[in-house]
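Notes for the one structure printed next.
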Amino acid sequence: MPLLAHRPKLRSALVLLAKLAFVVGAFYFVFQHISLADVRRVLATARPGWLALAAGLFALSKWLSARRLNYFFRAIGVPLTEGENLRLYWLGMYYNLFLPGGIGGDGYKVYLLRQRFPGKTTALVRALLLDRVSGVLALGVLAGVLFAFVPAVPLPWRLAVLAGVPVGVAASYWASGRFFPEFQPLFGRAGWLGLGVQGAQVLCAWAILAGTGTSTQVIDYLVVFLVSSVVAVLPLTVGGIGAREVTFVLGAQVLHLDAAVSVTVSLTFYLITAAVALPGAVFSFKGAAAPAP
């Protein structure tokens, strides 16, 4: 029995160790292709004003994302105020990034909310799952549109990807009705908010590029950034660190970008993510994120 009782903790520890091993391996791969001196060289040119703008745009994207999630909560009879929802969302960001060995941010949201709304566990999980899916859909739409303007890619390929965007949106609308019928009336509103979320993050990446003085192949860098955002969603690492950097290095090779600039953008984005998520610790200490009965 003691062994069985400790199995969940052991499983969590093994998952965390596997993720950390992935991060170490990812950075080993990255720094086989660039040097730390190259990254320091790019960072030395960074202008604080642009980086502050990037941080503001990222915070805006998270605020929009929290609003989208609250629409899903209300659709299943979980009526949180915007303040309650925002505190809960920021706490989830903090848990995802700084406490990766536990149940994670989404799991903690379910844990808190089911105490106030018993019997809603399955609906809450579905809402959080669809929130993630709608984010990936928005990433795909923006990546497909920007991909059409990458000159290094043959025109037929660019047109084919662009033509696939409305097909993907239509397929997603059908799938939402098939698998998430209770949320389908929100498809349009959630879709626009999703585009706002990812659009703000694209502008965040653009501000980081501007801050490093990068003015060429900007669209190419942004496409790689969007692809790296999709990869970062996969549960391979801690907060996407490592997975983004590998994607940027590979993207730099394919599109003939500056690998040092690519990795600098990725690392800077991660640091901005951590800085924006850190205030969630306040809600953890004070218990302010738990919705009041």
Expressed as a whole-number percentage, the relative contact order of the range 147-282 with C-alpha contacts under 8 angstrom and at least six residues apart is 18
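Ignoring ligands, DNA and RNA, what percent of the 1.4 Å accessible area of the range 126-178 is carbon and sulfur?
On the way: 2300 of 2910 Å².
The nonpolar share, carbon plus sulfur, comes to 79 percent.
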In debye to the nearest 20, the charge dipole size for the chain, taken about the Cα centre with +1 at each Lys and Arg Cβ and -1 at each Asp and Glu Cβ, equals 840
For the range 60-283, fraction of C-alpha pairs farther apart than 32 Å, in %: 21
Any idea what angle helix 104-116 forms with the longest principal axis of the chain, computed on alpha-carbon atoms, 0 to 90 degrees, nearest 10? 20
Using the per-residue mean of other Cβ atoms lying within 10 Å as a proxy for protection, in what order, highest first, do the peptides 27-40, 261-274 fall? 261-274, 27-40
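Quick one: accessible area per residue over the chain, 1.4 Å probe, rounded to a whole number of Å²?
Numbers: 14440 Å² over 293 residues.
Heavy-atom SASA per residue in the chain reads 49 Å².
Where does the chain land at 222 nm, in deg cm²/dmol rounded to the nearest 500, when only DSSP H runs of n ≥ 4 count, each adding -39500 (n - 2.57), divided by all residues?
Details: 12 runs with 228 residues, N = 293.
Taking each H run of at least 4 residues, the total per residue is -26500 deg cm²/dmol.
Could you work out Rg/(2.2 N^0.38 Å) for the range 173-258, with Rg from alpha carbons only? All intermediate terms of the calculation are to be shown ahead of the outcome.
Values: Rg = 16.0 Å, N = 86, 2.2 N^0.38 = 12.0 Å.
The reported ratio for this selection is 1.34.
The values are calculated or read from the model by the stated rules, or taken from the named source; none is laboratory data. Note that the structure is a prediction, hence the values are computed from the model and not measured. Cβ: placed from backbone, ideal geometry, glycine included. Neighbour counts: every protein chain shown. For accessibility, only protein heavy atoms count, side chains too; no ligands or nucleic acids. Shrake-Rupley method; radii C 1.70, N 1.55, O 1.52, S 1.80 Å.
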